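Enquirer: The structure that follows is given in the form of structure tokens.
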Amino acid sequence: MAGIDKDIEGEARPQPDIKIGYLPQEPQLNPEHTVRESIEEAVSEVVNALKRLDEVYALYADPDADFDKLAAEQGRLEEIIQAHDGHNLNVQLERAADALRLPDWDAKIANLSGGERRRVALCRLLLEKPDMLLLDEPTNHLDAESVAWLERFLHDFEGTVVAITHDRYFLDNVAGWILELDRGEGIPWEGNYSSWLEQKDQRLAQEASQEAARRKSIEKELEWVRQGTKGRQSKGKARLARFEELNSTEYQKRNETNELFIPPGPRLGDKVLEVSNLRKSYGDRLLIDDLSFSIPKGAIVGIIGPNGAGKSTLFRMISGQEQPDSGTITLGETVKLASVDQFRDSMDNSKTVWEEVSGGLDIMKIGNTEMPSRAYVGRFNFKGVDQGKRVGELSGGERGRLHLAKLLQVGGNMLLLDEPTNDLDIETLRALENALLEFPGCAMVISHDRWFLDRIATHILDYQDEGKVESSKVTLLSTKSTRNARWAQTHWSRSVSSTSVLRSNA
């Protein structure tokens, strides 16, 4: 649709004079540019017009200047500036940068994280004001406030928006139509994500009824084929064709991720994690100030807050990779950590899926037990030939599943999951949710996926400004967690600070 991939059958082209803005999953930015220079590329016509207008004003001071020519150019430049509200350009740029939490204007693109680059690319695209937006996973790496701003922007956007996204609240709030790609076909549904769920449930029920009837037809045809009556040879050809049709790709089984496996760790004792008077800063930047909480047995703690607030830093301190400036972190004696970070660059693109997870071993040690490596990889929905795929050929969602398979094999009873839902498709998200709900240990999950946290979290840590972290019920987000709060023990610990209390959602 963006005109980039031309090796296709059929046509995919915009109407004439339609300006298309495209945000790929991996945006291309000049690494030598600053954030400001990258953003100004979107409004280069206005920037150049303002710059040239200053030059024209300066030329008026020359007594030999062609004043008629300068006046004509001045008029043309002012038309461009007025059309784009160019005299308020700096205000527009500052508002956009603030809404999307952009890094400092002077920061070099080469020094930015993947999430920061993505936000710069999104900001640049929106400032271009295209007629049609093609957005590939636009909410990835955006915090809740940035997503809310984007939703408002798209609601007021007068053009057309086509977005690939697995952010279910985003779909609920923004989408008017959903195009489901299923077994090679595109199925349009009118409505948002909640409406799609209801319609999809009805369709699946209808498919189940049709599938039962199809199975009966296959059994009858198969019985006849096995008889192989010579006297019905011509008629037999038609029935064989019918049998092949029933088993054709038209009726292939749904290929959805219906399973993810989180290996259980050792039995978890009563004491899990206690954090007392924790403080952490980098230079003059205060990330965490006087944080105290304890995590009860069976809890799943969702951690929310802006990018760069210190959420991943908390995980690194819990796992011992970093030390706090002051305060203590105490893990229970039975706790065994399993950590999944948000960076997936450590995988070898030349290896197969099976090799990357198993190291070439037929039998793997998963926690304290052993199991066939291909069976373990299969529990992350890499079936059959999929285990032979090269890592470099995987989609973002497949890389996410592979990343989970690699890092969860230690068999921990306390999971630290940093943005585990990035790039996962909706079916895999559901599978991960169900796996966490069945997991017998504890988990702390950093995520901007509000729907995901609403389903799984029993408690929430909410990073606020100036190092403050609020602890409260999961109901702060939206709905109660699917995971029963009775999983967790009924006694909760109060911190010294009244702003940091972990409580049950019961």
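The values are calculated or read from the model by the stated rules, or taken from the named source; none is laboratory data. Since the model is a prediction, treat every value here as computed from it, not as a measurement. All Cβ positions, glycine included, derive from the backbone under ideal geometry; neighbour counts span all protein chains shown.
Enquirer: Evaluate the stretch 380-402: report whether one residue or more is in a helix (DSSP H, G or I) and in contact with a His (Cβ under 9 Å, 6 or more places away or on another chain).
Expert: Yes, the stretch 380-402 has at least one match.
Enquirer: Could you identify the single residue in Glu32, Glu73, Glu41 that is exposed (fewer than 11 other Cβ atoms within 10 Å of the Cβ) and acidic (Asp, Glu)?
Expert: Glu32
Enquirer: Which condition number in (1) part of a loop (DSSP other than H, G, I, E, B); (2) in contact (Cβ under 8 Å) with a residue 12 or more places away in the chain is the one that Ile39 fails?
Expert: For Ile39, the failing item is (1).
Enquirer: Further question: Tell me, please, whether a residue that is over 20 Å from the mean Cα position of the chain (by Cα) and surrounded by 18 or more Cβ atoms within 10 Å (Cβ to Cβ) can be found in the stretch 100-109.
Expert: Checking the stretch 100-109: at least one residue is over 20 Å from the mean Cα position of the chain (by Cα) and surrounded by 18 or more Cβ atoms within 10 Å (Cβ to Cβ).
Enquirer: Now for a different question. Could you check the stretch 89-205 for helices (runs of 4 or more DSSP H) lying wholly inside it with 3 or more residues that are modelled with pLDDT under 85?
Expert: Result: 114-127, 144-156.
Enquirer: In the same structural domain as Asp156 (by TED's automatic domain parsing) and more than 29 Å from Met1 (Cα to Cα): which single residue out of Leu93, Leu89 fits that description?
Expert: Sole residue among the options that is in the same structural domain as Asp156 (by TED's automatic domain parsing) and more than 29 Å from Met1 (Cα to Cα): Leu89.
Enquirer: Enumerate the strands (runs of 3 or more DSSP E) found wholly within the stretch 408-499, keeping only those where 3 or more residues are modelled with pLDDT of 85 or more and not β-branched (Val, Ile, Thr).
Expert: 414-418, 442-446
Enquirer: Any chance the stretch 43-60 includes a residue that's of a type in the set (D, E, K, R) and at pLDDT below 85?
Expert: For the stretch 43-60, residues of a type in the set (D, E, K, R) and at pLDDT below 85: absent.
Enquirer: Can you name the residue in the stretch 319-359 that is among the charged types (D, E, K, R) and assigned to a helix (DSSP H, G or I) and is also surrounded by the most Cβ atoms within 10 Å (Cβ to Cβ) among such residues?
Expert: Glu356
Enquirer: So, one more: On the given criteria, is Gly397 more than 30 Å from Leu287 (Cβ to Cβ), loosely packed, with under 13 Cβ neighbours inside 10 Å and small (Gly, Ala, Ser)?
Expert: When the stated conditions are applied, Gly397 does not pass them.
Enquirer: Residue under question is Asp143, and the condition is that it be at positive phi and in the same structural domain as Leu29 (by TED's automatic domain parsing); does it hold?
Expert: The answer is no for Asp143.
Enquirer: Considering the stretch 294-316 alone, what residues qualify as being in contact with a strand residue (DSSP E or B) (Cβ under 6 Å, 6 or more places away or on another chain) and more than 26 Å from Ala435 (Cα to Cα)?
Expert: Ala309, Gly310, listed by residue number.
Enquirer: For the stretch 206-231, what are the residues that are at pLDDT 65 or above and either within 30 Å of Gly176 (Cα to Cα) or outside any helix (DSSP H, G or I) (or both)?
Expert: Matches in the stretch 206-231: Gln206, Glu207, Ala208, Ser209, Gln210.
Enquirer: Here is a further query. Pro372 versus (1) of a type outside the set (A, V, I, L, M); (2) surrounded by fewer than 17 Cβ atoms within 10 Å (Cβ to Cβ); (3) closer than 30 Å to Leu181 by Cα: which is the lone unmet condition?
Expert: Of (1) of a type outside the set (A, V, I, L, M); (2) surrounded by fewer than 17 Cβ atoms within 10 Å (Cβ to Cβ); (3) closer than 30 Å to Leu181 by Cα, only one is false for Pro372: (3).
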